[in-house]
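Computed from the coordinates by the stated procedures, all read-outs in this text should not be read as laboratory data. Quantities reported herein were computed from a predicted structural model and do not represent experimental measurements. Ideal geometry is used to build each Cβ from the backbone, glycine not excepted, and the neighbour counts take in all protein chains shown.
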Amino acid sequence: MLELEKATIKFGGLTAVSELDLNVGEGELVGLIGPNGAGKTTAFNMITGVYRPTSGQIRFAGKDTLGIKPNKLAARGIARTFQNIRLFASLSVLDNIRVAARLHNGEGYFSALWRGKGWKSAEAETEKNALELLEIFDLAEQRDELAVSLPYGDQRRLEIVRALATKPKLLLLDEPAAGMNPSEKVDLMRLIQFVKERYNLSVLLVEHDMKVVMGICERIAVLEYGIKIAEGTPKEIQCHPKVIEAYLGAAAG
Amino acid sequence: MPFPGAKRWLLLGIALAILASYFTPHCNRYYLGVAIDVGIAIILATSLNLINGHTGQFSLGHAGFMAVGGFFSAWISLNVGEAVNAFWYFPLSLIAGGLLAAAVGLFVGVPSLRLRGDYLAIVTLGFGEIIRVIAQNTEAIGAASGLKGIPKLTNLGWTFGFAAITIYAITALVNSTYGRGFIAVHDDEIAAESNGVDTTRTKVTAFITGAFFAGIAGGLYAHHKQFLSPTGFDWLKSVDIVVMVILGGMGRTVGVIAAAILLTLMPEFLREFSQYRMILYALLIILLMLLRPGGLFTINLKRRKKA
Amino acid sequence: MDWLQQIINGLGLGAIYALIALGYTMVYGVLRFINFAHSDVLMLGAFTAFYVSPEIEKLMGSQSVFGCIMVFVVAAAVCACIGMLIERLAYRPLRNRPKLTVLITAIGVSLLIEFTAQNENVLGASPRPFPQLLPEHTIHLGRLVVSSNDILTVVVTVILLIGMWFIVQKTRVGTAMRAVSYNQQAASLMGVPVNRIISFTFGLGSALAAIAGILYAIKAPGIEPLMGVQPGLRAFVAAVLGGIGNLPGAVLGGVILGLLETIAGGIPGLSNYRDAIAFGILIIILLVKPAGLLGRSSVEKV
């Protein structure tokens, strides 16, 4: 599904990510971990088209993604959440979903002005689908609340639901467990697995909490200073000397 | 969300406008003029609201679009209008002015929209001024002395009819799934892009739409005052419109309309203080920014849940 | 058109733009916002000089060098206070608000000063002739004509530029200013009295504006409340051209703009578009190299 081949990005004199080889297969749940500043979010930004790699290749579903704008990549099926939640602050819960669903709504500028029958039925369809999505994730009751007025955990969940509304094939989650308490994290782990199964997704997860990472990832890649220093199953990574060294005593499980 | 029968409101608005225009011969000419000024201000403020309020792009050059529309439709009236003496020619010339203004909006929008915040404001201000200077040097539209003798074709019906159309169009656009994209761009461009919104295209679309209606307002203005001077479309005029949008609470259509009405009528009420009117106006701007940057009419209608 | 003469004239104009631009760029460098009211401080400086110089003439005798310097100093001091007052009342409360709020406020302050000054009871809108602070000599170098006022302008600008550079680079206050311009929070955590530094910057910038205002008034046919608008706008373009936040850039931009304008003024047909030229340059720079000629582009971190 996703292939990074020697993807590199430099900012001025600083090489943030260096020659990264990473694959995420169909239906795989892969974790990307590493100390702070290792380049994980930068890698995400390269995959989603926010940054353009200085060199190397990135392919999604077999097609090259270099130079393609993020919104086009979203249309192709790459969705993401952000380290610092980026919900649309002026919009309601339902409207946040609708923005994402806009990709598949198909009715444009002149339709919205004219408001004919076709437009009306498309709008109803979009709303119905959005509400269904919210129902599944237990957010339907708050549909008209301002998205940013939700409790933190719900906001994180909403961001994931919004990403799902774009009907992605690949879901990138950037530290979804940040700021959560242990029981919320358990719910999150279940949520991610549920989402992966139900929507037949590939998932790339960046996360600091090792319980979460080791708990759900099938495969893990470790970045340090922009370089991949290890890759393997959770068990392999836990014992990997380079990884332990990189974290220097940080909680590993 | 989509208000049922939105088009019904539009038709009602237009009908009311036409009806009102039948009463105009009985009205005081002066008050009529003020009413038309109010209608034009509503169109300007609502159209700018799409750009500045809903989409969050700070444009300080709206008067430039008004000038383009005004001069073009006036030029049409003076050079072609005599030959075509039909009822429909006026709205067509207005729309032509609007379309030219929209084209200029495209030209201004595409390069400018890579910039953010105060840089965008300065660039749009610059474009507005360039339009003014070009108008001041174009003989065909009177150069520095302005364009005189424009036929008085604007009346209450046309003004409020177009105002109704403008309000309908902007509201209909924004209150649709497509239009939520504008607000998404305002809230968070990066998140919007990641969720499939083409932010550049959205911004440019807002610009063009806003410019179109500003052009129509310009045309209505031209055929109301019967005289156009390029200096009347300087950056101060743009600031006037921006203040209406801010006063109304950027993005709140109802508030913006109220602000447009208020700010157009205020000079009339302050007639005795005309010496101090501009000073009060400047003070208003400062106080507004210091105390109520969210606008004068901001009532918290949305339910807020305690965290 | 005599190129050399145009260049000399252009330098005189450019020096004034440079001086005004210095004020803009200093404030922007420290506060990251465009002080629209700067052009009005310029005007206030000229008017202060207008009212003060007869008094000083009584003391020092007419057109004396020392008297002239006193006029400059008094006007600079008055405007420094005005600038700091504006900052304290209108900008400081908005320190943490979005940049656009402050921008509109600055526009409001500028309009307030202009409209108040235009009021008949205050300064009145009609232009008044500016007193001759120093005798004007025209110097002839071959076929070139140079006015002593222009030479004065250039000399003053250079002195002030060196002075500003010295303050910013070599003094403690200057280091504090630079710290605040890089990162306000960090500077405050390091013990820098941010509010006082910002006040100081405003004061300094306003003083520069006042001096520029007097020099401009000497050349201009008369002073009136709106006299600062056009030069202020041009100087702003100059500041952006050179790289806003960059002191030598401001001077470079001022000189370039002064030259371009004077030359354009000499080309028939182009002179009507002088306003548009300044704005055109502004737009091109912002689109092509927003950091300006001498500025460094900053990469935005997502």
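Given A:C239, A:I58, A:V203, which one lies farthest toward the positive end of the charge dipole of chain A, if we put +1 on the Cβ of every Lys and Arg and -1 on the Cβ of every Asp and Glu?
About the Cα centre, the residue reaching furthest to the positive side is A:I58.
What's the extension gain from A:D138 to A:Y225 if we count 0.36 nm per residue and subtract their Cα-Cα distance?
Extra length from A:D138 to A:Y225 when fully extended: 27.4 nm.
Can you give the charge dipole size of the protein assembly as shown about its Cα centre, rounded to the nearest 20 debye, using +1 on the beta carbon of Lys and Arg and -1 on the beta carbon of Asp and Glu?
Computed about the Cα centre, the dipole is about 620 debye.
Which far-off residues, 5 or more places away or on another chain, put their amide H under 5 Å from the one on B:G142, with H placed in the peptide plane?
none
Find the percent of Cα-Cα distances in chain C that exceed 38 Å, and round it to a whole number.
11 percent
Using the Cα centre of the range B:6-291 as the reference point, and only Cβ charges (+1 on K/R, -1 on D/E), how large is the resulting charge dipole? Debye, rounded to the nearest 20.
Computed charge dipole of the range B:6-291: roughly 440 debye.
For the range A:90-166, what's the relative contact order in percent, using C-alpha pairs closer than 8 Å and at least 6 residues apart?
Relative contact order of the range A:90-166: 51 percent.
Among C:F130, C:F66, C:F47, which one shows the biggest mean-square fluctuation in a GNM of chain C, springs joining Cα atoms closer than 10 Å?
Highest fluctuation of the listed residues: C:F66.
I need the Debye-formula profile for the range A:8-151: one equal scatterer per C-alpha, no solvent, reported as log10 I(q)/I(0) at q = 0.10, 0.12 1/Å, two decimals.
With one equal scatterer per Cα and no solvent, log10 I(q)/I(0) is -0.49, -0.69.
To the nearest whole number, what is the average tally of beta carbon atoms from other chains within 10 Å of the beta carbons of peptide C:243-255?
For this peptide, the per-residue mean of nearby foreign Cβ atoms is 0.
How long are the semi-axes of the equivalent ellipsoid of the protein assembly as shown, taking √(5λ) for every eigenvalue λ of the Cα gyration tensor, in whole Å from largest down?
Taking √(5λ) for each eigenvalue gives 51, 39, 23 Å, largest first.
Subtracting the Cα-Cα distance from 0.36 nm times the residue separation, let me have the gained length for C:Q230 to C:E55 in nm, one decimal.
60.1 nm
Can you give the translational diffusion coefficient of the range B:6-291 in µm²/s, computed by Stokes-Einstein from the Kirkwood radius over Cα pairs at 37 °C and 0.692 mPa s?
After rounding, the answer is 172 µm²/s.
If you take the charge dipole of the protein assembly as shown about its Cα centre, with +1 on Lys and Arg Cβ and -1 on Asp and Glu Cβ, which of B:P230, C:V154, C:M190 is farthest toward its positive end?
The residue sitting farthest along the positive end of the dipole is C:M190.
For the residue pair C:R196 and A:K6, what label-to-label distance in nm results when each label sits 7 Å from Cα along the Cα-to-beta-carbon direction?
Output for this residue pair reads 5.8 nm.
Evaluate E = 1/(1 + (r/R0)^6) for C:I139 and C:S64, where r is the Cβ-Cβ distance and R0 equals 22 Å; express this FRET efficiency to the nearest 0.05.
0.60
Please state the equivalent ellipsoid semi-axes for the range A:90-166: what are the square roots of 5 times the Cα gyration tensor eigenvalues, largest first, in whole Å?
Square roots of five times the eigenvalues give 24, 11, 10 Å.
Identify which of A:I47, A:I136, A:I160 has the largest mean-square fluctuation in a Gaussian network model of chain A, with springs joining Cα atoms closer than 10 Å.
A:I136
Step by step: find N for the range C:178-302, compute 2.2 N^0.38 Å, then divide the Cα radius of gyration by it. What's the final number?
Taking the Cα Rg and dividing by 2.2 N^0.38 Å, one obtains 1.26.
With Cβ to Cβ distances under 13 Å as the rule, what net charge do the other residues near C:A117 carry (K, R +1; D, E -1)?
-3
Please give the helix B:29-48 orientation as an angle from the longest Cα principal axis of chain B, in degrees from 0 to 90, rounded to the nearest 10.
40 degrees
For chain A, modelled as a GNM with alpha-carbon contacts under 10 angstrom, which of A:E135, A:E207, A:E175 fluctuates the most?
A:E135
A:K211 to A:Q83: FRET efficiency via 1/(1 + (r/R0)^6), r the Cβ-Cβ distance, R0 22 Å, to the nearest 0.05?
After rounding, the FRET efficiency stands at 0.70.
Please check chain C for the longest run free of trypsin sites (Lys or Arg not before Pro) that are loop-located per DSSP (anything but H, G, I, E, B) and have at most 11 other Cβ atoms within 10 Å.
Result, exposed sites excluded: C:144-295.
In debye, nearest 20, what is the charge dipole magnitude of chain C about its Cα centre with +1 on Lys and Arg Cβ and -1 on Asp and Glu Cβ, if you could check?
Rounded to the nearest 20 debye, it is 1160 debye.
Considering the options C:N119, C:Y273, C:I107, tell which one lies farthest towards the positive end of the dipole of chain C, charges being +1 on Lys and Arg and -1 on Asp and Glu at the Cβ, about the Cα centre.
Final value for the positive-end residue is C:I107.
If Rh is defined by the Kirkwood formula over all Cα pairs and Rg also comes from Cα, what ratio Rg/Rh do you get for the range B:16-105?
Here Rg/Rh amounts to 1.03.
Order these peptides, C:76-87, A:11-22, B:240-251, by their mean beta-carbon neighbour count within 10 angstrom, highest first.
In descending order of packing, they fall as B:240-251, C:76-87, A:11-22.
I'd like the FRET efficiency for A:K69 and B:W9, computed as 1/(1 + (r/R0)^6) with the beta carbon distance as r and R0 of 41 Å, rounded to 0.05.
For R0 = 41 Å, the calculated efficiency reads 0.65.
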